[in-house]
Amino acid sequence: MKSLFRLRHFLRRYWAQTLVNLLTLLVLTGLNLVLPALIQRVIDIGLVRGDVGFLVNTALLIFGIGVAHAGFTYLQRYLGEWIATHIGYDLRNRLYDHIQRLPFSYHDHSQAGQLISRCIEDVRAIERFTGSGVVELIRVGVLMVGITTLLFIQNSRLAPIALLPLIPLALITTDFGRRIGKYFYAVDNALGDLSARLQENVSGVQVVRAFAREPYEVERFGKANRTLFNARVRVIREWAKIMPTTTFLITVGTILILWFGGPMVLRNEITIGELVAFNGYLLLLAGPVGQLTWLVNAAGEAVAGAQRTFEILDTAPEIRSPLSPYPISPGLKGKGIGDRGMAGKVEFDHVDFHYQGETAQALEDIHLTVEPNQIVALIGPTGSGKTSLVNLIPRFYDVAAGEVRVDGCDVRQCDLVALRRQIGIVLQTSLLFSVSIRENIAYGRPDASLDEVVEAAKAAQAHEFISELSDGYDTVVGEKGITLSGGQRQRIAIARALLMNPRILILDDSTSSVDMQTERLIQKALDRLMEGRTTFVIAHRLSTVRRADIILVMDHGRIVEQGAHAELLARGGLYRDIYDLQLRDQERFREEMETLKTNGAPKVKAHRMEGG
C-alpha cells in the first residue's frame, strides 16, 4: 500500500477538484442515510396513522432527494474520472521522460515489452482505482461509520447483533487484501513478458518467416500466454471464494435482525417502522460491503501497478550532467567549448570498462591520444571492444577506471546534451522513425531549413533517390524505415549526422550496407566532410582502413597494435592476419574492377547490398 500512498504527490496539482469530489461524496452519503429514516416515518406516521398529506409530502421529498442524488452522482463520477485521467496522463509522461534519462546499462537488461506494459497496463490499473476505487473505498468507510452510529442511536441492544457478521467479514477481507497484491504482481509480470514476446516477434517477423519458424513462435507465445492465463485464474479463484462469503454474511445479518427484532416489535419495544428502518440501514450497508471485495481486488491490482511503476521511477539515472558542468557551447553546429571552440582532441587515459552485471572487462587499460582532425579506424575480431570504446566518448557508459577526455575535459564533467550535440553518430543498423524523410534527417536539428536538409542529403548521396519518391522529402517511411532499402536507410542516417555538423564523428561501419558505386560516392562526400573533424570509424573495408591516420587493432578489450596500414602490415601481427583473411580479397577485387574499367571492358554491375 505504500506505493499507492506515494500517488498523493500527483494529486497535489488537483487539490481543488479532489476537495470538491470529497464534499460531493459526503453529500451523497448524507442523502443515502436520510432515506431509511424517511421510510420509518412513512410507516409509523403515514401508514399507521393514515396521514395521506404526510405521505404525499414525504413522497415529494424523496423524489427531490432522488433528483439531487442523481445530480451529485454525475458530478462525483465526472470529477473522479477527470482526476484519474489526469493522474494517468501525468504518470505516463513522467514514466516516459524518466525512461529517456535512464542509462544504456538499464536498457541492456530491460525488455521493451515490460517497459511498454508498465507505461500502459500498470498506469491503467492505477487510473481505474483512483477514478472509482478510492472514492468507493471512502464511501464505504463513511457509510459504515454513519450507519453504525445510527444503528446504536436507534437501538443499542439490536445494533451489536446486526453488526456481528461484519467482524468475520472484516477479517476475511483484510486477509484477501494482503494476499491479492502479490497475485496481481505476478499477473502484471506475466503480461509484461507476453508484451515482450509480441514486440520481439513483430520486430523480427522477417527472420521468423525466412526460417519458417512460425510454429515455434506460436508455441513460445502460447507458453507466455498460458502463464498469464494461470496468473489471472489464480486471482479469479481467490475472488470467487470471497464473494459468496460476503453475500452470506450480509444475509445472516438480516436474519438476526428479524429473529431478534420481530419479538421486540410484538412486545411494543420498537415500532414496525423502526425495524424496517433498522433493516434498511443494514441493507444500505450491504451494497458497499459487497463491493468491498471488488475494491480490495482493484486496490491489489493498483498496488501491483504502482509498485512496478515506481520501480522505474526509483531507478536513478547513473549517468547525468554534473551540477556545475564544464561549459560546452549549446550550438548545434560545433561552435566549440566555451570561448575557445572545440578542437576535437580525444584522450583515453588508462581506461577500464565492463558492462553492468558482467565481471569480464570489455576494455582494459586503454591508453590513446587522438589529435584534432585525425581519422581513427578500429579493426578487430567480433567482441574485441571496438563499439565499447567509441560508446565511451559520448558517455553512453561510464568508465570503471581512468578517464575519457575531450579537449582535456573529463566527459563526466561535461553537460550531456551539449557534449552529445558535438558528436555525430552513424550506427551499423540505421534506425529511422515513422515520420517523413525530412523529419528523420532533421531529427537532431528540428529547426533546420529544407535547404539545409537537402544539402545534407546531397552530401550523403541520398538526394537523388529521395527526389524520386512519391512525396519527396515529405515521404513517410514505414516503421524503422522498413519501406527503404538498407543502403537508403544508411544514407539518410549519414545525412542526419552530417546536418548536425559535429566536431567528432563516430561511424560504425557506415558504408557496410551499400553497393560499391554508392560506397565510392559516400566516401567522396565523407572525405570532404571529415575535414576539420575528429573521426572514429569501426571499419570492415580496406578502403576505410587505408585512409585512416591511425589504425587501432583490438583484441579482447585491448589495443594490441597501433599504426598506419603499411607499418602494421610490415609487423606481421594480428593486423596482417586480418588483412590476409578479410581485406586482401577486397583489394584484389577492387584492382580487377579498376583494370576492367581502364581496358574499356563491358561495365560490370556490382552486386547490390541494399535489399533491392
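Within the stretch 38-56, the set of residues being among the aliphatic types (A, V, I, L, M) and either in contact with a Gly (Cβ under 6 Å, 6 or more places away or on another chain) or closer than 22 Å to GLU269 by Cα (or both) comprises LEU38, ILE39, VAL42, ILE43, ILE45, LEU47, VAL48, LEU55.
For the stretch 25-39, does any single residue satisfy the condition of being in the same structural domain as ASN297 (by TED's automatic domain parsing), surrounded by 15 or more Cβ atoms within 10 Å (Cβ to Cβ) and under 18 Å from PHE129 (Cα atoms)? Yes. The residue list GLY141, GLY146, GLY133 contains one member that is crowded, with 19+ Cβ neighbours inside 10 Å, in the same structural domain as VAL303 (by TED's automatic domain parsing) and in a helix (DSSP H, G or I), which is GLY133. Can you name the residue in the stretch 214-264 that is among the charged types (D, E, K, R) and loosely packed, with under 15 Cβ neighbours inside 10 Å and is also farthest from LEU283 (Cα to Cα) among such residues? Top of the filtered list is GLU214. How about the stretch 386-482: which helices (runs of 4 or more DSSP H) wholly inside it have at least 1 residues that are closer than 28 Å to GLU371 by Cα and touching a helix residue (DSSP H, G or I) at 6+ places or on another chain (Cβ under 9 Å)? Counting at least 1 such residues, we get 386-391, 416-420, 450-459. Filtering the stretch 156-185 to residues that are buried (at least 19 other Cβ atoms within 10 Å of the Cβ) and not in a helix (DSSP H, G or I) leaves only PRO165. Of all residues in the stretch 411-430, those being free of Cβ contacts under 8 Å to residues at least 60 places away in the same chain and surrounded by fewer than 18 Cβ atoms within 10 Å (Cβ to Cβ) number 1.
Number of residues in the stretch 56-114 that are under 18 Å from LEU26 (Cα atoms) and among the polar types (S, T, N, Q) equals 2. For THR130, are the conditions met, namely being closer than 30 Å to LEU95 by Cβ and among the hydroxyl-bearing types (Ser, Thr, Tyr)? Criteria met by THR130.
Test LEU256 against the stated conditions and say whether it is at pLDDT below 75 and not charged (D, E, K, R). Against the criterion (at pLDDT below 75 and not charged (D, E, K, R)), LEU256 does not qualify.
Scanning the stretch 149-189 for residues that are among the hydroxyl-bearing types (Ser, Thr, Tyr) and either in contact (Cβ under 8 Å) with a residue 24 or more places away in the chain or outside the structural domain of THR29 (by TED's automatic domain parsing) (or both) yields THR173, TYR183, TYR185.
The values are calculated or read from the model by the stated rules, or taken from the named source; none is laboratory data. Being a predicted model, the structure only gives us computed values, none of them experimental. No Cβ is skipped: glycine too gets one built from the backbone with ideal geometry, and neighbour counts run over all protein chains shown.
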